[in-house]
1. Taking other Cβ within 10 Å of each residue's Cβ, how do T8, T156 sort, fewest first?
2. How much FRET efficiency would the formula 1/(1 + (r/R0)^6) give for A106 and E54, where r is the Cβ-Cβ distance and R0 is 22 Å, rounded to 0.05?
3. Within the range 109-191, which GluC sites (Glu not before Pro) sit in a loop by DSSP and count at most 10 neighbouring Cβ atoms inside 10 Å?
4. Just to confirm a number: summing +1 for Lys and Arg and -1 for Asp and Glu over residues other than H161 whose beta-carbon lies under 14 angstrom from that of H161, what do you get?
5. Can you tally the net charge around S45? Count Lys and Arg as +1, Asp and Glu as -1, for every other residue whose Cβ sits under 11 Å from the Cβ of S45.
6. Counting Lys and Arg as +1 and Asp and Glu as -1, what is the net charge of the other residues whose Cβ lies under 11 Å from the Cβ of I186?
7. Taking amide H positions as placed 1.01 Å from N in the peptide plane, with prolines and chain starts having none, which residues 5 or more places from T109, or on another chain, fall under 5 Å of its amide H?
8. Multiply the residue gap between R24 and R155 by 0.36 nm, knock off their C-alpha separation, and tell me the result in nm, one decimal place.
Amino acid sequence: MVCLHGFTDTWRTLELVLPALQHRHAVLAPTLAGHRGGPPLPVASDDALTDAAEAAMDAAGIETAHLVGNSLGGYREGRRRATELICVNFDHIPQELIAHQIVGAAGCTGARPLVSYWLESGWGLDAERIECPVRIVWGAADRVLPWPTAAERYRTEWLPHADWVVLDRVGHSPQLDVPTETAQLILGFTA
């Protein structure tokens, strides 16, 4: 299983779900290119992130894997403001993990080039290339990509065949909001 974090984040955003996932799978959770602790971003492009993730898989000897990922969302400064933007239930998140995520966001050298690239090239999805089963878990209290409006194109045009799970009182990062339930949703889908 390969777990990929969101924009300006690090692998540690997945820290609360990893123990449960590791009971059933060998798990690789790399930090993406251009993100604090990850490899340098050679050029701002979607391929650069994909290529770096594939290089991490190759280095780990992983040919195929279940892929788990969190949106390319962003963090804001301050523990409460940061967590309120991405999750609703944040009191259980260790302060050290929140501090690490804020430092990671501040050290994301790829943020500006990637945002510029996405603004110029647009944001699309080649849905026809996706041939595997897909589960999408969306927080109904997501303030970054509000449900259901931000999901409309995914649900109707790109991934109508996906297994959609909407979680009430959950924000942008279900793995932080409800880590046990998120791990169960992942493991139930990969079983």
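Bear in mind these aren't lab numbers, they're just calculated from the coordinates by the rules spelled out. Keep in mind that what you see is a predicted model, and the values were worked out from it rather than measured. Every residue, glycine among them, receives a Cβ derived from its backbone with ideal geometry; neighbour counts consider all protein chains shown.
1. By the 10 Å Cβ count, ascending, the order reads T156, T8.
2. 0.20
3. Taking the range 109-191 and a limit of 10 other Cβ atoms within 10 Å, the loop GluC sites (Glu not before Pro) found are E131.
4. Summing Lys and Arg as +1 and Asp and Glu as -1 gives -1.
5. Combined, the nearby Lys, Arg, Asp and Glu give -4.
6. Summing Lys/Arg as +1 and Asp/Glu as -1 gives +1.
7. Excluding prolines and chain starts, which carry no amide H, the hits are R36.
8. The span from R24 to R155 would gain 44.2 nm if fully extended.
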